[in-house]
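What follows is a short report on a single structure.
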Amino acid sequence: MRSARRPSPQAVRLLTALVAKAQAWRYGYDLSKETGLTPGTLYPLLARLEAQDLLESEWRDPELDGRPPRHAYRLTRAGAAFALKWTADANAKLSSNPVIRPAKR
Amino acid sequence: MTRPLALVLGRHAARVLYPVRPLQAKAMLAELDYVEDGDSLAWAFGCLMASYRQRMSLLAVGIVAAQLCVASAAGVFGFLHAYVSFENLRAKIMLLTGLQPSPAPGSFLYAIDSYPLEHWVWIFLVFTTGGMLHVIAAIMMAIGSNRKVLPLAIVIVAFDLVAPLAASPHLVPAIFPAIYIGLITLMAIVAAGFVWLWRWDERRLAGTAGL
């Protein structure tokens with residue numbers, strides 16, 4: 001069931017990274033580097049978004065032989081709309097209040 | 001150097017989380033293979049935090065605490081048996097060689113002197129073996145290997161039943177085995193209970209436990 005609550009700042013950072021390349025499959029390590037979120041925060045967030053049907057995931061074959069398959073994530077259509085809504089809200093809040101500093105990366 | 005340690009931590013994290021979130025556990029561990037060497041340890045610690053955070057529950061903490069209490073009691077019980085029987089044997093040897101075990105009350109010395117050396121040697125062997133088996137069972141429980149407590153309990157019960165048959169005539173055959181058999185059986189039942197509770201908690205966190 002989708003949550004109607006405002007997502008946390010960490011979730012907004014994650015959604016911003018995901019919506020920037022909405023059609024692409026993204027990996028956990030890449031998302032972690034881009035958002036600055038540690039696996040301790042990132043993976044529970046990814047699991048929560050997937051449980052809310054905002055994210056889909058799949059195992060992707062490795063590009064090089066001998067490496068294990070990687071779990072990749074991508075926004076669903078509903079997830080993209082959700083991300084656009086809340087990241088737009090976050091950007092609007094930032095630009096209207098110069099005191100609020102953007103999150104560190 | 002950091003990569004092997006990161007792998008150890010990553011695998012432990014995956015083992016902790018797997019019963020609750022198997023897909024996430026596998027995903028985190030697979031991703032570790034693609035993390036750069038410099039980031040691998042930080043990544044592995046992050047995975048560990050994620051695993052413990054999602055596996056933690058009040059019941060899990062209670063089970064671990066109770067496990068450690070029972071294991072401590074069993075460990076002290078086993079160690080004391082080995083230690084006291086060793087001290088008795090040492091006192092007997094000292095008395096036989098004309099030395100005075102010190103400090104020792106008169107009643108203790110009388111009791112030691114009343115039985116032959118072979119009695120105390122036998123007591124030492126039986127109590128140390130039984131005591132060490134209890135210590136091993138305690139260690140298994142303390143590290144969470146509760147499933148190994150039952151086979152150990154069976155060994156201890158068998159030992160408690162067989163040992164008195166070959167005992168010195170001064171060994172009391174009826175009471176001692178009954179006490180030890182009772183205690184280790186209780187420990188095995190408690191360990192089995194912990195295993196059941198732990199699995200139930202995992203299923204509850206995974207969203208699959210029935211009421």
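The C-alpha atoms of chain B define a longest principal axis, and helix B:37-55 lies at about 70 degrees to it. Note on region B:55-134: Cα-Cα pairs beyond 19 Å make up 51% of the total pair count.
With a Förster radius of 22 Å applied to the C-beta separation of B:Y83 and B:L109, the computed FRET efficiency comes to 0.75.
Suppose accessible area is computed on protein heavy atoms with a 1.4 Å probe; arrange B:I139, B:I123 from highest to lowest. Walk me through the numbers before you get to the answer.
Working: B:I139 90, B:I123 15 Å².
From most exposed to least exposed: B:I139, B:I123.
One quarter of the surface of the convex hull around the alpha-carbon atoms of region B:81-200 equals 8.3 nm², the direction-averaged projected area.
Provide the buried accessible surface between chains A and B in square angstrom, both chains summed, 1.4 Å probe, rounded to the nearest 100. Intermediate results must be reported in sequence, preceding the final value.
Details: alone 7170 and 12450 Å², together 17970 Å².
Buried surface at the A/B interface: approximately 1700 Å².
Here region B:110-137 is scanned for amide nitrogen atoms under 13 Å from the site 7 Å beyond the Cα of B:M94 along Cα-to-Cβ, giving B:110, B:112-113. Cβ-Cβ distance of B:L197 and B:V162, R₀ of 30 Å, FRET efficiency by 1/(1 + (r/R0)^6): the value works out to about 0.35.
Suppose we look only past 32 Å in the calculated P(r) of the protein assembly as shown. What percent of the Cα-Cα pairs does that tail hold? Can you show the working numbers first?
Details: 26011 of 49770 pairs.
In whole percent, the share of Cα-Cα pairs in the protein assembly as shown beyond 32 Å is 52.
Counting only residues at least eight positions apart within a chain, or on another chain, the aspartates and glutamates with an alpha carbon under 19 Å from that of B:K148 are B:D160.
Hey, what's the Kirkwood Rh for chain B if you take every pair of different alpha carbons, in angstrom?
Working: mean 1/r = 0.0486 Å⁻¹.
That comes to 20.6 Å for chain B.
As a calculated quantity, the FRET efficiency between A:A81 and B:S57 at R0 = 45 Å, using C-beta atoms, amounts to about 0.85.
The values are calculated or read from the model by the stated rules, or taken from the named source; none is laboratory data. Not measured: the values here are computed from a predicted model. Note that each Cβ is placed from the backbone with ideal geometry, even for glycine, and that neighbours are counted across all protein chains shown. Each accessible area value is taken on the protein alone, full model and side chains, heavy atoms only, with ligands, DNA and RNA left out. Shrake-Rupley method; radii C 1.70, N 1.55, O 1.52, S 1.80 Å.
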